[in-house]
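No value in this document is a laboratory result; all are computed from the given coordinates. None of the values given here were measured: they were computed from a predicted structure. Note: ideal-geometry Cβ built from the backbone for every residue, glycine included; neighbour counts use all protein chains shown.
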Amino acid sequence: MEQSVDAISGNLRRIREKRGLSLDQLSELTGVSKSMLRQIEMGKSSPTIATIWKIANGLRLSFTALLRKPITRAEVRPFRSDQPLTGASAHYRLYPLIPFDPQQSFETYYVEIDPGTVFRGEPHAGNVYEYVFVLRGAMQVAVAGEIYPIKENEFLQFQANCPHEYQCLGKKMAAAMMQISYLA
């Protein structure tokens with residue numbers, strides 16, 4: 001994930017400095033330790049998905065605002081062109097595809113979840129919706145304690161400002177496209 005770590009490192013430092021925040025202040029806003037933030041800014045740590053969400057929510061940014069690389073005019077890429085972001089284990093893999101841009105107000109990911117894996121998503125701040133399109137296998141998404149099973153070729157939409165978690169159902173990996181929409 002070397003390019004993503006470089007992007008996170010540079011973006012976090014640029015955003016923090018632009019807002020005139022010290023590492024102590026950033027730590028207070030995000031709930032991430034000052035030492036971890038320093039390691040991320042120096043490119044010496046590859047943060048987990050949960051850590052990136054804490055930083056994004058604390059700064060009131062989209063998740064991909066921290067992952068964004070320069071956009072080219074046209075480019076064909078596979079879903080898995082970079083190393084994935086992972087949860088506490090590598091059994092939940094998130095591949096950023098389309099970064100957030102204020103003019104389009106959404107971001108898109110390719111997600112893989114191994115059998116028996118549960119990933120807990122952080123509640124999003126604001127009027128945010130998630131759309132999960134299952135491409136392969138089956139999964140369930142629990143939203144505020146209510147469970148929604150989703151089979152291949154089905155999708156779920158939900159307001160994501162509450163606790164939610166993803167789980168692979170069955171004995172094969174589940175793969176999905178996830179779109180997060182930030183409404184005004």
If I fit a long axis through the Cα atoms of helix 2-18 and take the longest principal axis of the Cα atoms of the chain, what angle between them do I get, 0 to 90°, rounded to 10? 50 degrees
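Taking every pair of alpha-carbon atoms in the range 96-142, give the share separated by more than 13 Å as a whole percent. Intermediate values should be presented prior to the final figure.
Values: 740 of 1081 pairs.
Counting every Cα pair in the range 96-142, those more than 13 Å apart make up 68 percent.
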Charge dipole of the chain about the Cα centre (unit charges at C-beta), most positive-ward option of 21, 123, 109: 21
Of 78, 123, 115, the one that fluctuates the most in a GNM where the chain has Cα springs shorter than 10 Å: 78
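Suppose every K and R has +1 on its Cβ and every D and E has -1 on its Cβ; what is the size of the dipole of the chain about the Cα centre, in Debye to the nearest 20?
So the dipole magnitude of the chain works out to roughly 420 debye.
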Against the empirical 2.2 N^0.38 Å scaling, what ratio does the C-alpha Rg of the range 83-175 come to? 1.04
In order through the range 155-167: 3J(HN,Hα) via Karplus (6.51 cos²θ - 1.76 cosθ + 1.60), integer Hz, x for Gly, Pro: 9, 10, 10, 7, 6, 9, 8, 9, x, 8, 9, 10, 9
Can you compute the modelled spin-label distance between residue 142 and residue 127, with each label point 7 Å from Cα toward Cβ, in nm? 3.0 nm
Given the C-alpha centroids of the range 146-164 and the range 76-132, what is the distance between them in whole angstrom? 14 Å
Name the lysines eligible as straight-distance cross-link partners of residue 34: C-alpha to C-alpha under 19 Å, and not fewer than 8 places from it in the same chain. 18, 44, 54
